[in-house]
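Where a number appears in this text, it was derived from the coordinates with a stated rule and is not lab data. Values in this document were obtained by computation on a predicted structure and should not be read as measured data. In this analysis, Cβ positions are derived from the backbone assuming ideal geometry, glycine residues included, and neighbour counts consider all displayed protein chains.
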């Protein structure tokens with residue numbers, strides 16, 4: 001079965017709304033994860049730390065430049081993911097529509113190609 005990554009993307013506003021009632025959001029997300037486990041589709045799920053704790057490695061110039069967070073003019077940040085093993089893109093989309101998210105957040109659905117689809121060295 002194909003794998004799909006549900007990428008959680010939030011804005012400053014949607015992240016603040018989520019943090020305002022973090023206990024309820026964590027409980028709702030926990031229930032959602034249990035539903036995916038029960039359905040046998042969840043392979044992995046992780047959230048990311050505060051973007052101010054991260055760094056960006058920029059390859060725009062001759063040598064990579066490392067910049068500490070917070071990020072500059074970013075409208076949306078990748079905040080976490082769910083990796084699903086489902087039968088189709090439509091099934092992944094149906095799960096994405098059920099993700100507990102704050103108003104203004106987005107969930108991007110991307111297929112993860114199998115190893116047989118990735119060009120191998122020497123081909």
If the elastic network links every pair of Cα atoms under 10 Å, which of 67, 29, 11 fluctuates the most in the Gaussian network model of the chain? 67
Restricting to Cα pairs below 8 Å that are 6+ residues apart, what does the relative contact order work out to for the chain? Please round to a whole percent. 49
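Report the antiparallel proportion of the DSSP beta bridges in the chain as a percent, rounded to a multiple of 5. Walk me through the numbers on the way to the answer.
On the way: 24 of 24 bridges.
Taking every DSSP beta bridge with both residues in the chain, the antiparallel ones total about 100 percent.
So what is the 222 nm mean residue ellipticity for the chain from helices alone, if each DSSP H run of at least 4 adds -39500 (n - 2.57) and you divide by all residues, rounding to the nearest 500 deg cm²/dmol?
Values: 3 runs with 35 residues, N = 123.
For the chain, the value works out to -9000 deg cm²/dmol.
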Please arrange 88, 14 by counting, for each residue, the other beta carbons lying within 10 Å of its beta carbon, fewest first. 88, 14
